[in-house]
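Here's the structure, in structure tokens; my notes come after.
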């Protein structure tokens, strides 16, 4: 086996993460365990990852100067969100720095229309979609796909923000205005009544090697991931199709690192690729305790050119429940002592300076001999934990 | 259930750790997951825990001024080694700060003669021992226990340092000189030919509640823990006796936090308490992946007055193999890519600035359906990892 550069430089590899939220924090935890050193670039004070890394550079992600400053302090750069401007990232690469995933991958993913086109080009199924440079194109999409359809911003959407359901031609104006279609690029997607929302984490190494995690079912509340159940428990052929599609999707965009692949299972048992996330993903948090090598550790391995780890589950089932803020308040929850009394519930508090309605403040994972058992345990602990209520 | 102060202060609890080695680092990792903030007091630059905590105070552990400085920044203090002067610790408590374990517990443990006396007073079996204020007392101990016996420093011994086997009366002078008996307090212990070295981690809460981990067998090489096998696999009555003794030992010294209890299993199937460590312990590193709540997380829970977590194993067996330095060299090992290719091996690199012969640089844990399976996996990965050879 070929030794990577990080074997022979005789010191700890240094990883720079663009962004300092909980994804950076959990990635840092995995990297530290393998002896790496870390730095982050983050706008705000007291961000979750700032408490776990040796070096925090305060500044703007989209500012190429700040990106270059971070890059100059580390051996390899990575990111925890898909919103960093691909042109700025390209400048960092042009200056000779290593970035994974690459700016080319980021460019494809951060524009959802390009992302969809890349999936189609790779022969992967998605809901039908169409560029809508103007209102007329939305009407054409409606005629083509039928109503309702979903009008989406090409960029910067997340957790349901940037989407608008259009029920008929006369709703177009409202949706166009709400999404500010005159200044934002939009596209239209066929409305897709699904049987289930599925997700898979795929880690792809620099040499193209793939590690694929179990198929999970993700349950959303108000367009935000509420819980994930692993394994999803669908028939073997569905599981196989989903795992194949997820791996092909990440190979198609030449992704390096851990990626979230969100999919729809249609009522006809078809798998449609819904959305790719070029980073560790909320639907993979269960892998910290639930798999032999977590999505975070595999991300670190991938970007350092190290061999990928085993994605085997450590128990028959794992369930993760998100902890969202109820309202403005402190970053620590009430009910912690009760939650800590639930045996086998793994409680993660992200250490944010404050809570807000809908803000991701932590999560709980539980393992079990069945999804039902793990779900009951995780939910029991999660129900005690309240952020912002008092 | 009563809410603790840390429930109601509306912010993250702050923990101060006296010392910044790998034990502080792993404790910090567990504390961060629960949303805590951390500071350490550490003499040297670039210590393992300094890369994972928000605040590093550089200074001497034994200096009450530095201890008070750390204490003033945090809600609760704890320590990662048994060598911090108990009188200095008492000054911190006298100033109104919370320290767990207390200076009283530390005083009992850091003097091994007092420790042995505390065990005897609690009705727990140990090898026979005797204070030896002078050479004559060593001769008397030999007459009483028979030869050989072990002459030991009352303080500051670890990993076999501070012990000397005395084969006969004419060896007394050599041992006395080697251990500098004229300036160091010494005591004599009966030589104890054991069938196995066993260890148990016990966590004791501030309210006296106990969490006890599985009985493990610890295999030493050159007086340093080489590997631990969990469970130890001894007959049920031996296991029960050992678990009872370990819990009684920690209750006897009113310990708060996680403690290592090292025991001998005699050839007559008796359990003798060998030594207590007032801190998380090398024989408990397997609990990170091997138990539902690790010794580190339970230590954090205990010192914060939070409920203790489940010590149930996550797999039928767990084996931990220590990674020791071979010689002077970098803190990152060679062979890492090969080791990372062993599926299911959990690799921990402590991030020390350099390796030295015998220095603890990391460890590998593996789980399995049997100790044999876990051992093979952990050893396979550990054998690749070399620190300091090149």
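The values are calculated or read from the model by the stated rules, or taken from the named source; none is laboratory data. As the structure is a prediction and not an experimental result, all values here were calculated from the model. For neighbour counting, all protein chains shown are included, and Cβ atoms are generated from backbone atoms with ideal geometry for every residue, glycine included.
Odds and ends about this structure:
- All positions within segment A:289-310 that are over 13 Å from the mean Cα position of the chain (by Cα) and more than 14 Å from chain B (Cβ to nearest Cβ): none
- Residue in segment B:312-321 that is crowded, with 20+ Cβ neighbours inside 10 Å, outside any loop (DSSP other than H, G, I, E, B) and within 16 Å of the chain's Cα centre (by Cα) present: yes
- Some residue of segment A:311-325 being touching a residue at least 12 places away in the same chain (Cβ under 8 Å), closer than 28 Å to residue B:14 by Cβ and within 11 Å of chain B (Cβ to nearest Cβ): yes
- Residue match in segment B:363-375 (condition: crowded, with 23+ Cβ neighbours inside 10 Å, away from chain A (no Cβ under 13 Å) and at pLDDT 95 or above): no
- Hits in segment B:226-268 - residues which are in contact (Cβ under 8 Å) with a residue 60 or more places away in the chain, assigned to a loop (DSSP other than H, G, I, E, B) and surrounded by fewer than 19 Cβ atoms within 10 Å (Cβ to Cβ): B:231, B:233, B:254, B:267
- Residues of segment A:22-39 that are within 14 Å of chain B (Cβ to nearest Cβ) and under 20 Å from residue A:354 (Cα atoms): A:22, A:24, A:25, A:26.
- Any hit, segment B:280-288, residues being in a loop (DSSP other than H, G, I, E, B) and within 11 Å of chain A (Cβ to nearest Cβ): no
- Only a single item in (1) touching a helix residue (DSSP H, G or I) at 6+ places or on another chain (Cβ under 8 Å); (2) buried (at least 22 other Cβ atoms within 10 Å of the Cβ); (3) farther than 28 Å from residue A:157 by Cα is not met by residue A:48, and it is number (3).
- Of the candidates A:272, A:276, the single residue that is assigned by TED's automatic domain parsing to the domain that holds residue A:210, more than 25 Å from residue A:18 (Cβ to Cβ), touching a strand residue (DSSP E or B) at 6+ places or on another chain (Cβ under 7 Å) and in contact (Cβ under 8 Å) with a residue 12 or more places away in the chain is A:272.
- Qualifying residue in segment A:63-80 (condition: without any contact (Cβ under 8 Å) to a residue 40 or more places away in the chain, buried (at least 18 other Cβ atoms within 10 Å of the Cβ) and more than 10 Å from chain B (Cβ to nearest Cβ)): yes
- Matching option when the condition is at pLDDT below 95 and outside the structural domain of residue B:161 (by TED's automatic domain parsing), among B:235, B:214: B:235
- Annotation: of all residues in segment B:336-352 being within 8 Å of another protein chain (Cβ to nearest Cβ) and part of a loop (DSSP other than H, G, I, E, B), the one that is surrounded by the most Cβ atoms within 10 Å (Cβ to Cβ) is B:351.
- Of the strands (runs of 3 or more DSSP E) contained entirely in segment A:127-211, those carrying at least 1 residues that are within 30 Å of residue A:301 (Cβ to Cβ) and in contact with a helix residue (DSSP H, G or I) (Cβ under 9 Å, 6 or more places away or on another chain) fall at A:194-204.
- If the condition is being within 16 Å of residue B:136 (Cα to Cα) and in contact (Cβ under 8 Å) with a residue 12 or more places away in the chain, then segment B:155-170 contributes B:166, B:167, B:168, B:169.
- Residues satisfying the stated conditions in segment A:128-154, i.e. surrounded by fewer than 17 Cβ atoms within 10 Å (Cβ to Cβ) and in contact (Cβ under 8 Å) with a residue 60 or more places away in the chain: none
- Within segment A:353-387, the residues that satisfy the criterion of being closer than 25 Å to residue A:23 by Cβ and part of a helix (DSSP H, G or I) are A:371, A:374, A:375, A:377, A:378, A:379, A:381, A:382, A:383, A:384.
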